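Reviewing the structure listed below.
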Amino acid sequence: MRKGELTRQAILDVAVRMARYSGLSGLTIGSLAAAADMSKSGLYAHFKSKEALQLACMERNSEQFRDEVFRPALAKPRGVTRLQALMEHWMAWYSRPGGCLFLAAAAEFDDLPGPLHDLMVAEQRQMIDSLARIATTAVEAGELDEDTDVFQVAQEVFGILLSYNWMSRILSYPDASERTWTAFNRLIDSHATSL
């Protein structure tokens, strides 16, 4: 990467950390300039507008999610093992300080038309589609029944993960992780091939 790209990436890393606490609406060029120890004009040269900054922040968040959640899971063997690894990494993502920017963006922009809404929806659909593809590998590996509705599995896994986030972060239930794995294992067992 060139120096300018490295600088932009470092700025966006700060932006993502800030937005996990304050949401994208609370992220401004002024607040980011102060946090990144830059001038507003220097930051403006990178992003030109608050919306451009917010979009770039969401895109950087997506890159981090792929690096920390999906790539490690995809390094595991295809099938249920990969789905379990994805659960593990996704739960760790939800446990990060400040919470999940995807969930914050969904709450902020679900009813507001525009580029931020469209990006948020596209990213959420991509997550569900990826879960369905990973469930498909479990069917292909003979670990799940061949008539398994992989999109249904994807929706239920996503629901289990969302429930984990709520139970652990919002309600601080000490057994949230254990109950999450119980729900996941029950789901997998309900579709497992009988040997």
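Along the charge dipole of the chain, which of S31, Y21, G98 sits closest to the positive end, that is, farthest toward it, with unit charges on the beta carbon of Lys, Arg, Asp and Glu (+1, +1, -1, -1)?
S31
If you average the sequence gap of Cα pairs under 8 Å that are 6 or more apart and divide by the length of the chain, what percent do you get for the contact order?
The value is 19 percent.
Could I have the simple spin-label model distance between L103 and R125, label points 7 Å from Cα toward Cβ, reported in nm to one decimal?
The answer from the label model is 2.4 nm.
Evaluate 2.2 N^0.38 Å with N set to the residue count of the range 1-70, then give the Cα radius of gyration divided by it.
Output field value: 1.04.
Helix 80-94: angle to the longest alpha-carbon principal axis of the chain, degrees 0 to 90, nearest 10?
For helix 80-94, the angle is close to 30 degrees.
Could you state the angle between the C-alpha long axis of helix 115-140 and the longest principal axis of the C-alpha atoms of the chain, as a value from 0 to 90 degrees rounded to the nearest 10?
The angle comes out near 30 degrees.
To the nearest 20 debye, what is the magnitude of the charge dipole of the chain about its Cα centre, counting +1 on the Cβ of each Lys and Arg and -1 on the Cβ of each Asp and Glu?
1020
Note the full-extension length gain between E63 and S49 as 0.36 nm times their separation in residues minus their Cα-Cα distance, in nm to one decimal.
The E63-S49 span can extend by a further 2.9 nm.
Amide H neighbours of L144 under 5 Å, counting only residues 5+ apart in sequence or on other chains, H built in-plane at 1.01 Å?
Under 5 Å from the amide H of L144 lie the amide H atoms of V139, T193, each far enough along the sequence or on another chain.
Positive end of the dipole of the chain, charges at C-beta (+1 Lys, Arg; -1 Asp, Glu), about the Cα centre: which of A56, H117, M167 has its Cα farthest in that direction?
So the residue furthest toward the plus end is A56.
Given the -39500 (n - 2.57) contribution per DSSP H run of 4+ residues, what per-residue ellipticity at 222 nm results for the chain, rounded to the nearest 500 deg cm²/dmol?
-22500 deg cm²/dmol
Give the angle, between 0 and 90 degrees and rounded to the nearest 10, that separates the Cα long axis of helix 50-65 from the longest principal axis of the Cα atoms of the chain.
Approximately 40 degrees, to the nearest 10.
Kindly provide log₁₀ I(q)/I(0) values, in the same order as q = 0.11, 0.12, 0.18 Å⁻¹, from the Debye equation applied to equal alpha-carbon scatterers of the range 66-164.
-0.35, -0.42, -0.87
Using 0.36 nm times the number of residues separating L171 and R8, minus their current alpha carbon distance, what extension gain do you get?
Full extension from L171 to R8 adds 55.1 nm.
Relative contact order, percent, of the range 1-102 when contacts are C-alpha pairs under 8 Å separated by at least 6 residues?
29 percent.
Work out the P(r) tail for the chain: percent of alpha carbon pairs separated by more than 29 Å, whole number.
Pairs farther apart than 29 Å: 31 percent.
FYI, it's all coordinate maths here, none of it is from the lab. Bear in mind that the values here come from a model prediction, so they are computed numbers and not experimental data. All Cβ positions, glycine included, derive from the backbone under ideal geometry; neighbour counts span all protein chains shown.
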